[in-house]
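Structure first, commentary second.
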Amino acid sequence: MNPAPPSHLPARTAVAHTHVEIEPSILYFGTPVVLLSTENEDGSFNLAPISSAWALGQTVVLGLGREGQTAYNLGTRPELVINLPAPAQWPAVERLAPLTGRHPVPATKPEGCRFEPDKFAAAGLTGEPSQLVRPPRVAECPLQLEARAERVRPDVAGGFVIVEAVVCKVHADPGIVVPGTDHIDPAAWSPLVYNFRHYFGLGPELGHSYRTRTPRSREGFAAEPAVGALDPGNR
């Protein structure tokens, strides 16, 4: 009889297992908030906060409620702006949270949700013209991505819509850009993070990926670009 193959698992220790099994109602374990501006059927514009967004190269993947006005708009009018608010702008985001551009309000919307045709005014935010797409940018957001939804499809459960949007123009507040470069200064920029339905900003820097192009030293930014373990090109 052949002996059992050696185990590649680490040796057991006397440390007690402290994890517990839970069934959370949501899995927003710390994701950035974005404000999506899209065009309504009548030529007006909708503005909606979402907490499911991530970037893959020049593509941003968005998760939307299937019956929301944003998903409806992108199905036929694919231009949009992905606006990223700063942590201090969380009250404006929360003012948008109970509003919808759909009329009548879909039955699937949470209790207390109400129709609002002018969400920019309701949130106290200002629209400014985009360069390549029709929907406006949010002037108060430090980072704004003009984009086009190239693929809009239902998720596997059927309750949401997944959007793959290709970014065609990036606008950044000068205060978050490394002078003389196209790089965002990660010490100057902090996204608004949605952490299990609570709003947070980033804490102090702990370190950086070996692929960063903005490494820091005592003198400031290093001149030599480096190439991060977490970037998809390295997987």
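What does the convex hull of the alpha-carbon atoms of the stretch 29-203 project to on average, in nm²? Kindly include the intermediate steps, with their values, before the conclusion.
Working: hull surface 40.5 nm².
Mean projected area of the Cα convex hull: 10.1 nm².
May I ask for the net charge around residue 168, where only other residues with Cβ less than 10 Å from the Cβ of residue 168 are counted and Lys, Arg are +1 while Asp, Glu are -1?
Neighbour charge sum, excluding residue 168 itself: 0.
For the stretch 39-82, state the average projected area of the convex hull of the C-alpha atoms over all orientations, rounded to one decimal in nm².
Averaging across all directions leaves 3.2 nm² for the Cα convex hull.
Nearest 0.05, what FRET efficiency do residue 18 and residue 195 give at R0 = 22 Å with Cβ-Cβ as r?
0.55
Can you work out D for the stretch 111-215 in µm² s⁻¹ from Stokes-Einstein, where Rh is the Kirkwood radius over C-alpha pairs, the temperature is 25 °C and the viscosity is 0.890 mPa s?
143 µm²/s
Around residue 45, with a cut-off of 13 angstrom between Cβ atoms, what is the net charge of the other residues, counting Lys and Arg +1 and Asp and Glu -1?
-3
Convex hull over the alpha-carbon atoms of the stretch 64-159: what's its volume per residue in Å³? Spell out each step's value before the answer.
Numbers: hull volume 11.4 nm³, N = 96.
Value for the stretch 64-159: 119 Å³ per residue.
Taking a virtual spin label 7 Å from the Cα of residue 103 along the C-beta vector, which residues in the stretch 121-155 bring their backbone nitrogen under 17 Å of it?
Once the point is set 7 Å along Cα→Cβ of residue 103, 121-123 turn out to lie under 17 Å by backbone N, inside the stretch 121-155.
Each reported figure results from applying straightforward, stated rules to the coordinates on display, with no laboratory input. Keep in mind that this is a model prediction, so the values were computed, not measured. All Cβ positions, glycine included, derive from the backbone under ideal geometry; neighbour counts span all protein chains shown.
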